[in-house]
Amino acid sequence: MSTSVQTNSDQAFQRCLSPDCLATYDLGEALTACKQCGELLDVVYDWEHLPIPDTLSQFQSKWSRRNQPLCHSGVWRFHELLPFAPPEKVVTLGEGQTLLHASDGVAQYIGLNRGGLFLQYEGMNPSGSFKDNGMSAAFTHAHTIGAKRAACASTGNTSASLALYCGVSKLMQAVIFIGSGKISYGKLSQALDYGALTIQIAGDFDDAMHRVQQVTEQLGIYLVNSVNPFRLEGQKTIMYRVLEGLDWQTPDWIVVPGGNLGNSSAFGKAFLELHQLGLIDRIPRLAVINAAGADTFYELVENRGLKWNQGRPDRKIIEQYYRELDETKQRASTIASAIEINRPVNLSKCLRAIDVCQGVVREVTDQQILDAKSQVGANGLGCEPASAASVAGTKLLRAEGVISPSDRVVCILTGHQLKDPTATVAYHTSDQNEFDRVLASRGVLQARYANQAIAVANNLDEIVSAIQANN
Ligand SMILES: *Cc1c(COP(=O)(O)O)cnc(C)c1O
Ligand SMILES: [Zn+2]
């Protein structure tokens with residue numbers, strides 16, 4: 001789908017990521033890849049001709065004007081750093097009202113000094129995950145170019161978010177593609193409740209992603225998966241809020257779960273731009289954490305030596321690995337369903353992020369993820385399994401000595417605890433059958449921090465003695 005609508009003069013445009021191509025496209029085009037070479041696209045700005053604050057702290061004054069929708073949104077408060085749409089076209093539902101929380105309890109679990117660990121709790125977004133940051137931006141772009149239908153493939157949270165923006169704004173119809181049996185009820189219930197047209201495909205996320213790209217192209221539907229470069233513009237603001245939470249000081253590490261690698265790619269772009277604009281003098285290191293059952297990025301970067309290589313990553317390494325996945329019929333499999341993805345669409349952009357941020361990639365098991373999740377919960381911030389990969393990954397990097405005890409580390413908690421209660425309840429259950437069904441089948445053998453309910457008869461004496469025995 002393409003129109004000739006000019007959105008924000010020529011101070012912003014889309015550009016191919018490949019240095020050998022660098023084809024540019026007008027903002028009015030809805031594209032998910034370069035038409036010349038198939039690489040991903042970036043949104044690029046002519047900063048010299050745009051009004052940029054001299055210091056990041058100037059954004060703070062907007063908070064006192066939060067009665068205005070653009071200042072109320074944690075995304076659009078930073079409009080000057082993602083100026084692709086005119087303010088009157090912005091669609092906002094108050095996304096990005098999220099804060100950075102210090103957690104000494106989780107710091108202790110990880111092995112960091114007191115005061116060194118921060119959790120950026122993106123579960124507090126309107127649809128319960130960080131996806132709203134990106135959806136507000138992509139939706140705004142779709143609205144600017146007059147789209148009437150928007151689609152995505154989803155492990156759950158993108159569809160919940162799209163359904164919400166469509167349902168509330170009434171500007172577009174949502175069409176969502178999900179794999180069968182893979183989506184948690186918390187997320188599915190949102191899409192259905194908000195009124196999205198829901199297509200459940202007999203396949204997994206990678207299958208749904210492949211089909212949605214075909215269908216949107218054939219029917220001219222706007223695609224809001226993170227191959228959409230505007231999504232990532234909105235997700236940059238998560239890093240602006242992290243900096244804000246640290247009084248505009250750069251932390252040593254940002255740790256984030258990696259699924260389709262949109263978030264990590266957006267973070268890399270955010271820091272690259274802030275550095276180029278002279279708004280920060282130091283770039284933090286980035287750690288991207290895969291689940292061991294969906295560890296393509298880890299395998300490619302840490303074991304097979306894949307690098308950004310100034311925009312010319314060795315495609316043969318990727319193709320060879322995907323061939324092996326096909327030949328061995330390997331499918332992504334992890335309890336952390338939001339990162340259960342074997343062919344991450346933002347692979348090349350994330351290589352750039354790793355390059356910009358001197359990044360590392362690690363994998364953690366479902367056991368490590370759920371143990372970490374229980375510690376996040378025990379310290380007062382519930383998250384879904386995928387989010388806890390960031391905490392589990394930090395603990396691993398601390399044990400390796402890559403992160404030192406005195407480092408300041410920010411873990412991104414990507415989604416809310418109530419998104420996936422099945423995993424939480426199974427972890428804490430005393431019912432061995434339930435534990436085996438949900439967890440042991442995934443190699444989780446022990447719920448180290450389980451807080452089991454105590455079953456008692458409906459009898460006063462037994463209830464009293466159960467309480468006293470567990471004091
Ligand atoms: C989408 C999602 C992820 C993965 O993010 P990517 O940008 O795809 O790497 C992680 N956690 C949660 C809760 C998500 O919804
Ligand atoms: Zn190109």
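The values are calculated or read from the model by the stated rules, or taken from the named source; none is laboratory data. Please read these numbers as outputs of a predicted model, since none were measured by experiment. Don't worry about glycine lacking a Cβ; one is built from the backbone with ideal geometry, like all the others, and counts go over all protein chains shown. The protein model used for the area step is the full one, side chains on, heavy atoms only, and it has no ligands, DNA or RNA in it. Shrake-Rupley method; radii C 1.70, N 1.55, O 1.52, S 1.80 Å.
How much of the pair distance distribution for segment 30-98 lies past 15 Å, counting alpha-carbon pairs only, in percent? Kindly include the intermediate steps, with their values, before the conclusion.
Values: 1457 of 2346 pairs.
The share of Cα pairs beyond 15 Å in segment 30-98 comes to 62 percent.
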Report summary line: Amide H neighbours of ALA23 at under 5 Å, excluding residues fewer than 5 places away on the same chain, with H built from the backbone geometry, are CYS16
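Need one word for segment 144-238: rounded, prolate or oblate. Basis is the Cα gyration tensor (sqrt eigenvalues a ≥ b ≥ c); a/c below 1.5 gives rounded, then a/b vs b/c decides.
Details: a/c = 1.33, a/b = 1.20, b/c = 1.11.
Here segment 144-238 falls in the rounded category.
Beta carbons within 10 angstrom, averaged per residue: use that to sort the peptides 434-441, 365-372, 124-131, highest first.
Working: 434-441: 15.2, 365-372: 23.6, 124-131: 25.9.
The peptides rank, most packed first, as 124-131, 365-372, 434-441.
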**Report entry** Listed pairs LYS89/LYS419; LYS62/LYS419; LYS89/LYS236; LYS131/LYS316 exceeding 23 Å between Cα atoms
**Finding:** LYS89/LYS419; LYS62/LYS419; LYS131/LYS316
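The chain: percent of C-alpha pairs farther apart than 35 Å?
Values: 30879 of 110685 pairs.
Every Cα pair in the chain considered, those over 35 Å come to 28 percent.
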Report summary line: As straight-line cross-link partners of LYS373, the qualifying aspartates and glutamates (C-alpha separation under 16 Å, not fewer than 8 residues apart within one chain) are ASP104, GLU122, GLU363, GLU384, ASP420
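Take the solvent-accessible surface of the protein heavy atoms, probe 1.4 Å, and return the percent of it on segment 229-337 that carbon and sulfur atoms account for.
Roughly 41 percent of what the probe reaches on segment 229-337 is carbon or sulfur.
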Report summary line: Calc'd 3J(HN,Hα), segment 328-341, phi into Karplus 6.51 cos²θ - 1.76 cosθ + 1.60 (θ = phi - 60°), Hz, glycine/Pro = x, comes to 8, 6, 7, 10, 4, 8, 7, 5, 7, 4, 5, 10, 7, 9
Requested in this report: Output the antiparallel fraction of DSSP beta bridges having both residues in segment 154-296, as a percent to the nearest 5.
Outcome: 10
Requested in this report: Please give the peptides 53-64, 101-112 ranked by average Cβ packing (other Cβ atoms within 10 Å per residue), highest first, as a rough proxy for protection.
Outcome: 101-112, 53-64
Query - Burial ranking of peptide ranges 141-149, 72-80 (average Cβ count within 10 Å, highest at the top) - result: 72-80, 141-149
Query - Antiparallel %, DSSP beta bridges [both residues in the chain], to 5 - result: 30
Requested in this report: Search the structure for amide H atoms under 5 Å from the amide H of ALA294, placed 1.01 Å from N in the peptide plane, and list their residues when 5 or more places away or on another chain.
Outcome: SER333
